[in-house]
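The values are calculated or read from the model by the stated rules, or taken from the named source; none is laboratory data. Quantities reported herein were computed from a predicted structural model and do not represent experimental measurements. All Cβ positions, even for glycine, are placed from backbone atoms using ideal geometry, and neighbour counts span all protein chains on display. These accessible areas exclude ligands, DNA and RNA; they are computed on the full protein's heavy atoms, side chains included. Shrake-Rupley method; radii C 1.70, N 1.55, O 1.52, S 1.80 Å.
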Amino acid sequence: MDEILASQADGVLILRLNRPAKMNAITTGMYVQLRRHLKEAADDFAIRCVLIRGEGANFTAGNDINDFMADSLEVEESDGFNFLVELHNFPKPIVTIVQGRAIGIGTTMLLHCDVVVADPTAVFSMPFVSLGLVPEAGSSYLFPQLVGYQRASRIFLTGDSFTAHEALQMGLVSSVSENAAIEGYELATRIAKQPPAAVLNTKALLKSRNHDAVSMVMGAEAQLFTMALQSEEAAQAFMEFMKRRENK
Ligand code: COA
């Protein structure tokens with residue numbers, strides 16, 4: 001079964017995380033496919049907008065924990081990091097629909113998306129510290145900029161989750177809707193019909209304030225993330241996740 005489903009309609013490339021039995025936890029192979037689709041979409045004049053969503057009840061439970069345990073690479077050479085770099089540099093608008101869990105990269109990737117629509121069931125969290133890790137995707141820079149230092153550090157340091165309405169109040173999502181899927185498709189289709197050069201230039205302008213700073217922060221985060229992945233703290237947190245699974 002293809003764990004990334006890609007389809008195209010009305011100028012919109014639709015990418016669906018398709019691993020619902022594992023809450024759409026993202027594996028190395030899925031990052032490779034996501035990156036490839038974004039790379040191709042950037043060069044394809046027929047694609048004017050990308051829509052990302054998850055199949056089933058959740059957006060994504062984040063990076064696959066088994067891959068975290070297996071990875072011995074420098075993070076900056078990993079497929080997950082390469083996907084994030086592609087996302088950070090992607091020139092066309094990305095609309096994302098979030099329902100259920102959006103954990104780890106499921107929340108941090110939203111900071112790079114242009115319009116996020118949340119279902120009322122959406123629950124966001126970035127439990128990096130709880131896993132013995134550090135924030136990624138430039139979130140240690142972008143998230144405090146968005147929500148203020150106090151709220152950001154509280155969320156990062158505790159690993160606490162927050163609701164769709166809290167995300168709306170923070171400005172992490174543009175709307176909360178019972179019809180999030182329909183609204184997301186409708187927005188992506190409308191954006192795809194706008195004059196394409198004006199859309200590209202407007203996105204570039206909107207992103208320009210942070211672009212270089214985020215690239216630098218992503219590099220610094222990746223170095224600390226590499227060290228954290230090899231730490232006793234992370235090994236213990238991953239073992240606890242595995243133990244909870246075995247005891248179910
Ligand atoms: N990596 C790998 N598998 C994951 C996963 C992840 N990040 N998140 C969920 N899954 C899998 C579970 O192993 C389980 O599969 P299994 O039944 O074959 O073992 C399935 O998805 C359902 O998860 P389960 O834990 O049974 O659901 P739950 O409702 O009891 O708990 C969570 C939900 C999200 C609290 C729990 O799955 C969890 O803590 N996941 C890890 C999230 C995380 O830390 N992600 C990394 C962020 S950096």
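Before we move on, is Gly184 surrounded by fewer than 18 Cβ atoms within 10 Å (Cβ to Cβ) and either at pLDDT 95 or above or under 22 Å from Glu40 (Cα atoms) (or both)? Can you show your working first?
Values: surrounded by fewer than 18 Cβ atoms within 10 Å (Cβ to Cβ): no; either at pLDDT 95 or above or under 22 Å from Glu40 (Cα atoms) (or both): yes.
No: the conditions fail for Gly184.
Within the range 155-199, track down each residue that is part of a strand (DSSP E or B) and touching a Pro at 6+ places or on another chain (Cβ under 9 Å).
Thr163, Val176
Enumerate the helices (runs of 4 or more DSSP H) found wholly within the range 1-93, keeping only those where 2 or more residues are among the hydroxyl-bearing types (Ser, Thr, Tyr) and within 18 Å of the chain's Cα centre (by Cα).
28-43
In the range 67-86, which residue that is acidic (Asp, Glu) and within 14 Å of the ligand (Cβ to nearest atom) is least open to solvent (accessible area, probe 1.4 Å)?
Asp67
Among residues belonging to the range 8-23 that are open to solvent by 80 Å² or more (accessible area, probe 1.4 Å) and of a type in the set (A, V, I, L, M), point out the one that is nearest to Gln99 (Cα to Cα).
The initial filter retains those residues of the range 8-23 that are open to solvent by 80 Å² or more (accessible area, probe 1.4 Å), namely 8, 10, 21-23.
Now drop any that are not of a type in the set (A, V, I, L, M), which leaves 21, 23.
Numbers: Ala21: 15, Met23: 11 Å.
Among them, the one singled out is Met23.
Residue-wise test of (1) of a type in the set (Ser, Thr, Tyr); (2) more than 14 Å from the ligand (Cβ to nearest atom); (3) open to solvent by less than 70 Å² (accessible area, probe 1.4 Å).
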position: Ile191; (1), (2), (3): no, yes, yes
position: Ala197; (1), (2), (3): no, yes, yes
position: Lys203; (1), (2), (3): no, yes, yes
position: Asn210; (1), (2), (3): no, yes, yes
position: Val214; (1), (2), (3): no, yes, yes
position: Gln230; (1), (2), (3): no, yes, no
position: Glu233; (1), (2), (3): no, no, no
position: Arg244; (1), (2), (3): no, no, no
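List every residue pair whose Cβ atoms sit under 6 Å apart, with the two residues 6 or more apart in sequence or on different chains, where the first one lies in the range 142-159 and is within 17 Å of Ser130 (Cα to Cα) and the second, anywhere, is assigned to a helix (DSSP H, G or I) and among the polar types (S, T, N, Q).
Taking only residues 6 or more apart or on different chains, the pairs are Gly159/Ser130.
Select from the range 94-108 the residues that are within 12 Å of the chain's Cα centre (by Cα) and within 16 Å of the ligand (Cβ to nearest atom) and list them in ascending order.
Val98, Arg101, Ala102, Ile103, Gly104, Ile105, Gly106, Thr107, Thr108, listed by residue number.
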